[in-house]
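Worksheet: the structure to be examined is printed underneath.
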């Protein structure tokens with residue numbers, strides 16, 4: 001557990017001025033060797049969510065996600081005691097901002113980051129500056145393409161709890177599909193789950209059962225995923 005006194009040291013590496021909405025393919029790893037900072041909202045705490053520091057509140061965050069899991073917020077910017085976080089409560093490409101209130105947050109790190117290369121239909125798992133696994137994925141079809149951006153893993157759930165078409169497991173992302181299929185009633189949240197390969201989905205990423213079980217095992221909540229073409 002990191003106290004607010006240690007927050008400055010914990011966030012030294014967060015010098016990125018913006019969150020890219022459409023990241024480009026990179027030759028260098030997307031996470032530094034120290035890992036990325038994640039803020040967990042402590043049980044019983046409620047935090048006002050802002051669209052910018054010192055702005056008007058746009059929502060309230062509790063310690064649980066809409067799916068019932070613990071809320072873990074990747075911290076990607078800081079401004080004084082304000083934290084810029086990735087959250088499903090904000091539109092794609094927009095940071096939410098919360099104040100680092102004493103006792104409201106517990107800080108930690110995640111060592112992995114995911115990179116989805118849509119042009120090659122591959123998901124790369126990065127750790128300490130190197131790719132440790134490459135996973136073939138299905139992607140969004142024309143008209144419901146998978147959106148580019150930087151998101152995070154918000155929940156990990158068994159696919160059986162949601163329906164047979166999700167496969168064994170599902171990792172929910174903080175991003176949303178801005179162009180769901182006409183008549184679609186399955187919700188707009190993006191996810192990684194079971195399904196066919198190719199450009200076939202409504203925007204989610206599809207992976208094999210073996211790869212999904214691997215991701216469920218090694219990827220922690222709050223892990224960031226960069227999706228690009």
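Here are a few things to note about the model shown:
- Sole exception among (1) more than 30 Å from residue 199 (Cβ to Cβ); (2) loosely packed, with under 14 Cβ neighbours inside 10 Å; (3) in contact (Cβ under 8 Å) with a residue 24 or more places away in the chain for residue 43, by number: (3)
- Just one of the numbered conditions (1) surrounded by 18 or more Cβ atoms within 10 Å (Cβ to Cβ); (2) within 14 Å of residue 222 (Cβ to Cβ) is not true of residue 100: (2).
- Segment 47-84, residues that are assigned to a loop (DSSP other than H, G, I, E, B) and loosely packed, with under 12 Cβ neighbours inside 10 Å: 54, 55, 56, 68, 80
- Filter result for residue 105 (out of contact with any helix residue (DSSP H, G or I) (no Cβ under 9 Å at 6 or more places or on another chain), crowded, with 19+ Cβ neighbours inside 10 Å and under 16 Å from residue 36 (Cβ atoms)): no
- Residue match in segment 150-166 (condition: modelled with pLDDT of 95 or more, surrounded by 15 or more Cβ atoms within 10 Å (Cβ to Cβ) and in a loop (DSSP other than H, G, I, E, B)): no
- Tally, over segment 125-144, of residues that are crowded, with 19+ Cβ neighbours inside 10 Å and in a strand (DSSP E or B): 6
The values are calculated or read from the model by the stated rules, or taken from the named source; none is laboratory data. Treat the numbers as computed from the prediction; the structure is a model and nothing was measured. Every residue, glycine as well, gets a Cβ built from its backbone with ideal geometry; the counts of neighbours run over all protein chains shown.
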